[in-house]
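Taking it in order: structure first as structure tokens, then the write-up.
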Amino acid sequence: MPDNNTIAPLNSLTHGTGKALVLLHGWGMNSAVFSEFLPLLTDDVRIIRVCLPGFGQNVGSLPEQYSLAALTKSVAAAIPDGAIVAGWSLGGLVAQQLALDYASKVAGVITLASTPCFVSGPGWRGIEPQVLQGFQQQLARNYEKTLDRFLAIQAMGSPSAKQDVKIIRQHLRSLPAPAEQALAAGLMLLETIDLRSSIGRITQPTLRIYGRLDSLVPTCSIDRIHELQPAADTVVLSHAAHAPFVSHPQQTAEIILNFVKNLSKIDRHCS
């Protein structure tokens with residue numbers, strides 16, 4: 001449930017007109033990562049890009065306790081009611097929690113290469129705990145090298161891996177570097193958050209987009225996620241890895257816009 005953390009209002013960037021589609025980035029990133037993806041969407045929807053607390057435009061907006069509840073509360077205050085919320089990777093955890101805790105804010109949920117639980121455990125495949133712990137140790141020594149390694153893992157398997165990493169890194173530098181506290185706490189969220197028992201309670205239409213070559217959200221977990229939330233639509237891009245909107249922007253945009261248009265038809269029918 002929402003906590004009592006107070007946090008400075010988050011800045012956001014808005015592009016286009018129409019139905020509001022909120023884009024939330026992943027760990028170590030910022031909203032500039034969506035820059036080249038935007039033109040494929042803004043003719044049809046109003047894009048609201050929000051940097052998570054401690055990242056990019058909101059590097060100075062840190063809650064007292066960096067928890068999923070605090071992140072969700074701050075994002076909820078920055079977006080309009082009835083928005084479709086799309087979260088990439090860590091941003092997908094925020095999008096799912098938003099749908100659960102702030103139902104009036106969320107008309108639909110889209111997760112991009114995300115999951116209710118990122119870490120491997122009994123009967124569940126994800127990121128091995130020691131990998132995330134290694135990132136924590138590296139982070140204390142050198143943020144840039146840690147981020148480069150994380151980017152390489154995200155793009156691993158993609159036919160355009162080198163170009164994907166180059167694009168992401170180039171856009172990240174257009175906004176301020178993240179706060180060390182947010183980086184460390186964000187990794188901890190990836191290691192500890194488990195929404196598996198909750199996502200079945202998400203009532204909003206949900207679209208889950210995966211990359212078959214994703215090493216952080218392995219394909220063997222997709223069927224398990226679908227069992228936990230059977231009402232969600234699932235799309236797997238055969239040649240994409242962890243950043244489908246970078247490696248396959250046109251295909252990803254078409255899938256998202258089709259979901260948005262179907263939601264609009266439902267809204268008109270029910271109004």
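The values are calculated or read from the model by the stated rules, or taken from the named source; none is laboratory data. Everything numeric here is computed off the predicted structure, so don't read it as measured data. Note: ideal-geometry Cβ built from the backbone for every residue, glycine included; neighbour counts use all protein chains shown.
Every residue, every condition in (1) touching a helix residue (DSSP H, G or I) at 6+ places or on another chain (Cβ under 9 Å); (2) under 19 Å from Ala32 (Cβ atoms), yes or no:
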| site | (1), (2) |
| --- | --- |
| Gly92 | no, yes |
| Gly126 | yes, no |
| Lys145 | yes, no |
| Asp148 | yes, yes |
| Ala177 | yes, yes |
| Ala184 | yes, no |
| Ser198 | yes, no |
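Scan Leu40, Leu68 and give me the residue that is surrounded by fewer than 21 Cβ atoms within 10 Å (Cβ to Cβ), closer than 15 Å to Leu190 by Cα and in contact with a helix residue (DSSP H, G or I) (Cβ under 6 Å, 6 or more places away or on another chain). Reasoning before the result, please.
Numbers: Leu40 fails: closer than 15 Å to Leu190 by Cα.
Selected residue: Leu68, the only one of Leu40, Leu68 that is surrounded by fewer than 21 Cβ atoms within 10 Å (Cβ to Cβ), closer than 15 Å to Leu190 by Cα and in contact with a helix residue (DSSP H, G or I) (Cβ under 6 Å, 6 or more places away or on another chain).
Which residue is farthest from Ser120 (Cα to Cα), if the candidates are limited to the stretch 230-255 and must be buried (at least 19 other Cβ atoms within 10 Å of the Cβ), in contact (Cβ under 8 Å) with a residue 60 or more places away in the chain and not hydrophobic (A, V, I, L, M, F, W, C)?
So the residue we want is Pro249.
Six or more apart or on different chains, Cβ under 7 Å: which pairs go from a residue in the stretch 137-162 that's over 18 Å from Ala185 (Cα atoms) to one that's modelled with pLDDT under 85? Could you list them?
Taking only residues 6 or more apart or on different chains, the pairs are Ala161/Ala155.
From Arg208, Arg224, Arg201, which residue is closer than 30 Å to Leu263 by Cβ, under 17 Å from the mean Cα position of the chain (by Cα) and either of a type in the set (D, E, K, R) or modelled with pLDDT of 90 or more (or both)?
Arg208
Out of all the residues in the stretch 25-81, which are out of contact with any strand residue (DSSP E or B) (no Cβ under 7 Å at 6 or more places or on another chain), within 16 Å of Leu98 (Cβ to Cβ), among the small types (Gly, Ala, Ser) and not in a loop (DSSP other than H, G, I, E, B)?
Answer for the stretch 25-81, where residues must be out of contact with any strand residue (DSSP E or B) (no Cβ under 7 Å at 6 or more places or on another chain), within 16 Å of Leu98 (Cβ to Cβ), among the small types (Gly, Ala, Ser) and not in a loop (DSSP other than H, G, I, E, B): Ala69, Ala70, Ser74, Ala76, Ala77.
Please work out which residue is surrounded by the fewest Cβ atoms within 10 Å (Cβ to Cβ), limiting yourself to the stretch 150-194 and to residues that are more than 19 Å from Ala243 (Cβ to Cβ) and among the charged types (D, E, K, R).
Glu180
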